[in-house]
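So the structure is just underneath, and the comments pick up after that.
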Amino acid sequence: MNKVFAGLVVLASCLLGSGAVQATAPALAGSTIDIGVLGSTFSFFGRDVDGSGLFFEDIYNFKVSSSDPYVSVSVTNVPWSSGGSSYYDISGLSMQIFSSADAPQLGQPLSLSGFLGAGDYYAKVSGTTSGLDGGSYEFAAAAVPEAQTWAMVGVGLVLIALRLRRHDKPAIRLESAQAKQGKRI
């Protein structure tokens, strides 16, 4: 019996060492989150995946409106370690963005800022937990105002600054005129 068991152990180690049998991380049921229409404020979602060596795949559904077709979407690993041990970490964290027709819009970056166009999209976030207790990540998405909007904000700030500067000048002129006349303020 021991010889048979030893033979099976040797056979299994040879197969695993040669790559004929691949060990994969156990899959974890993913989450699907509906964000709705992206607004100008960021929507943040945190996700903790408990258990080490687990593969996960989460879906984030969102809509891009025709009035704000520029978006910013990102996913960030949130590792946590203490005393030299990594308790929460994710290896191979990736994000793919798809249109509603399952046409890939972007490969596997961890962030996107740009024009997507109006329509329905979803982001697929995946990775494998590598911390002792699992892994954690944050997902954020928002519509980014167009360049014309930022230009208007800039012009408005300049006008406000000029207006404030005009209000300050008469007081300075009055003080300097009184100083020239020898009056104490």
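Nothing in this text is a laboratory measurement; each read-out follows from the coordinates by a stated rule. Just so it is clear, the structure is predicted and the values come from calculations on it, not from any experiment. Using ideal geometry, Cβ is built from the backbone for each residue, glycine included, and neighbour counts are taken over all protein chains shown.
Remark on residue 53: its backbone amide H falls under 5 Å from those of 129, 130, 131, a criterion applied only to residues 5 or more positions apart or on other chains, H modelled at 1.01 Å from N.
Treat each spin label as a single point 7 Å out from the Cα along the C-beta direction, and report the residue 87 to residue 155 distance in nm. According to this spin-label approximation, the distance is 5.3 nm. With each label modelled as a point 7 angstrom along the Cα→C-beta vector, the residue 72-residue 165 pair spans 2.8 nm.
Near residue 39, the amide H atoms lying under 5 Å from its own belong to 143; only residues 5 or more places off or on other chains count, and H is placed 1.01 Å from N.
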